[in-house]
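The values are calculated or read from the model by the stated rules, or taken from the named source; none is laboratory data. All of these numbers come straight from a predicted model, not from anything done at the bench. Heads up, the Cβs are rebuilt from the backbone with ideal geometry, glycines too, and the neighbour counts pull from every protein chain shown.
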Amino acid sequence: MIVLRTPENGKKVVVNTSHDVCLYEAPHNPPNTGTRYTAGTDLYAHKARSGKVYYYSHSWSMWQGSEPEYCLMTDEEMREALVDHASDAGPGSITDTERERIEEYFPGLFVEDA
């Protein structure tokens with residue numbers, strides 16, 4: 001359990017990566033990649049008791065002595081991060097399960113508009 005504060009009014013938001021909805025999980029050192037995936041950033045949605053949804057990132061590292069970092073994100077920052085990951089190919093791209101979860105929070109995010 002981690003306590004974050006909103007930048008606009010300093011409200012406390014208690015997040016927990018074990019209970020919150022993971023919208024995107026960065027790859028964790030898959031086989032035969034060496035040290036390529038020993039750090040990453042996962043993206044989460046947290047629903048507060050008030051019903052408001054807060055988005056945040058969890059940056060992690062497998063390197064000894066590294067501390068995880070948590071950062072609240074605006075809706076727009078989360079949208080941009082998710083679209084960036086959706087455009088990646090291979091390890092690190094959004095899975096079908098993640099895409100379905102994301103669509104629950106951001107309906108139509110992946111609908112082509114060109």
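Values as computed for the structure displayed
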| item | result |
| --- | --- |
| Matching entry among S93, S57, S61, S87 (being at pLDDT 95 or above and among the polar types (S, T, N, Q)) | S57 |
| Close pairs (9 angstrom Cβ cut-off, 6 or more residues apart or separate chains): among the polar types (S, T, N, Q) in the stretch 93-114, assigned to a loop (DSSP other than H, G, I, E, B) anywhere | T95/E25 |
| Check on T17, modelled with pLDDT of 90 or more and of a type in the set (S, T, N, Q) | yes |
| Residue that is farthest from V14 (Cα to Cα), among those in the stretch 44-85 that are in contact with a helix residue (DSSP H, G or I) (Cβ under 6 Å, 6 or more places away or on another chain) and of a type in the set (A, V, I, L, M) | L82 |
| Matching residues in the stretch 49-72 - criterion: being touching a residue at least 60 places away in the same chain (Cβ under 8 Å) and among the hydrophobic types (A, V, I, L, M, F, W, C) | C71, L72 |
| Test result for R49, of a type in the set (K, R) and farther than 19 Å from R5 by Cα | no |
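Residue by residue, here is whether (1) crowded, with 17+ Cβ neighbours inside 10 Å; (2) touching a Cys at 6+ places or on another chain (Cβ under 9 Å); (3) of a type in the set (S, T, Y) holds:
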{"site": "S59", "(1), (2), (3)": "no, yes, yes"}
{"site": "D75", "(1), (2), (3)": "no, no, no"}
{"site": "M78", "(1), (2), (3)": "yes, no, no"}
{"site": "D96", "(1), (2), (3)": "no, no, no"}
